[in-house]
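Structure record follows, encoded as structure tokens.
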Amino acid sequence: MKELEAGRVRPSKYVVAAQQVSGPALTLLVIAAVQALLDSTFNIPNPPALLLFTVVFASFWGGLGSGLASSAVAWVYIAYFFSLPGHVFHFSEENSRRVLVWAFTTPGIAMMVGMLKQRSEASLLRELRRRTDDEAKIRSTINSAYDAFIAIDGAGMVTEWNRKAETTFGWQREDVVGRPLQDILIPERWRAA
């Protein structure tokens with residue numbers, strides 16, 4: 001956990017690769033499903049709107065690169081969808097404007113979501129580092145105290161035990177944290193009373 005808080009733990013290359021590929025793969029899967037439905041009797045009035053969900057997913061899950069790749073795949077299908085029947089990638093005037101609008105909005109959405117993800121992850125990492133630094137300062141203060149310091153939670157389990165407590169009671173910190181305080185300080189013959 002401390003490695004993660006310090007920003008030193010990174011996901012494996014396989015996890016990263018899966019995250020980067022899953023968004024464009026989902027986009028292709030949705031395109032195949034949309035095309036299959038369009039070829040059947042079920043008509044989807046606005047397939048490009050469905051593809052925005054995959055672009056957002058790809059940007060959020062796999063990052064900016066995955067989102068941009070997904071938006072490129074989505075845009076190619078959008079251009080195909082708005083093509084004149086029998087003339088792939090040839091458009092009416094109205095549909096050429098639609099394709100142009102989708103050419104800007106789809107990667108724009110991918111960029112916004114991808115950048116928001118990067119910003120939120122950076123903010124989370126800064127907060128984890130700040131808390132780790134604060135915790136280290138508190139632990140340093142507690143350990144330099146002249147008196148024994150013992151902290152317990154609501155269940156009576158030891159959560160903190162400083163150096164003075166170690167010398168006063170003879171127990172090392174790692175031996176007592178997580179154990180009930182009564183088991184450490186109260187002799188067994190007096191616990192039942």
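Only the coordinates and a few stated rules stand behind these numbers; no lab work does. Predicted model only: the values in this text are computed from it and were never measured. Methodologically, a virtual Cβ is constructed for each residue, glycine included, from the backbone with ideal geometry; neighbour enumeration extends over all protein chains shown.
Just to verify a number: FRET efficiency for Ala36 and Ser12, C-beta to C-beta distance, R0 = 41 Å, to 0.05? It comes to 0.75.
Dipole magnitude for the range 3-97: about 280 debye, using +1 per Lys or Arg Cβ and -1 per Asp or Glu Cβ, origin at the Cα centre.
Computed as a quarter of the hull surface, the mean projected area of the alpha carbon convex hull for the range 94-165 stands at 7.8 nm².
Over all orientations, the chain has a Cα convex hull whose mean projected area works out to 18.4 square nanometres. From the P(r) of the range 1-113, could you give the percentage of C-alpha pairs in the tail past 23 Å? Here the long-distance tail beyond 23 Å is 37 percent of all Cα pairs in the range 1-113. Peptides 17-29, 78-90, 50-62, 132-144 ordered by packing proxy, namely the average of other Cβ atoms within 10 Å per residue, highest first: 50-62, 17-29, 78-90, 132-144. Seen against the Cα atoms of the chain and their longest principal axis, helix 93-143 is set at about 10 degrees.
Sorting the segments 184-190, 116-122 by their residues' average number of neighbouring beta-carbon atoms within 10 angstrom, most packed first, yields 116-122, 184-190. Fully extending the segment from Tyr80 to Ser140, taken as 0.36 nm per residue of separation minus the present Cα-Cα distance, adds 15.2 nm.
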